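> Quick one: the structure is below, and I'll ask about it shortly.
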């Protein structure tokens, strides 16, 4: 019984330590040379290139024009059909 408890404890600690953490905060960010409201996402446990690849892949279904500048990814004219035609 003691070995099973120790094993479960070790697995739980290992999973908690390796889990990705995501923080989202609303802030004012410099976008396109001006300050705009934005949702800033902080990811830990993932490389920046993997995060960019995942975001680009996710946004493909919205048919937006993608561009990268100054370390930011910008999606323009994206259509989110689930929200309606005028988005």
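Nothing in this text is a laboratory measurement; each read-out follows from the coordinates by a stated rule. Since the structure is predicted, the reported quantities are computational estimates derived from the model, not experimental observations. Backbone-built Cβ (ideal geometry, glycine too); neighbour counts: all protein chains shown.
> Within region 48-77, what residues put their amide N at less than 14 Å from the label point 7 Å along the Cα-to-Cβ vector of residue 34?
none
> Stick to Cα atoms and the Kirkwood definition of Rh, then tell me Rg/Rh for region 46-87.
A ratio of 1.04.
> In nm, to one decimal, how far is the modelled label at residue 76 from the one at residue 50, with both set 7 Å along Cα→Cβ?
It is 3.2 nm.
> Can you sort 44, 79 by how many other beta carbons sit within 10 Å, fewest first?
44, 79
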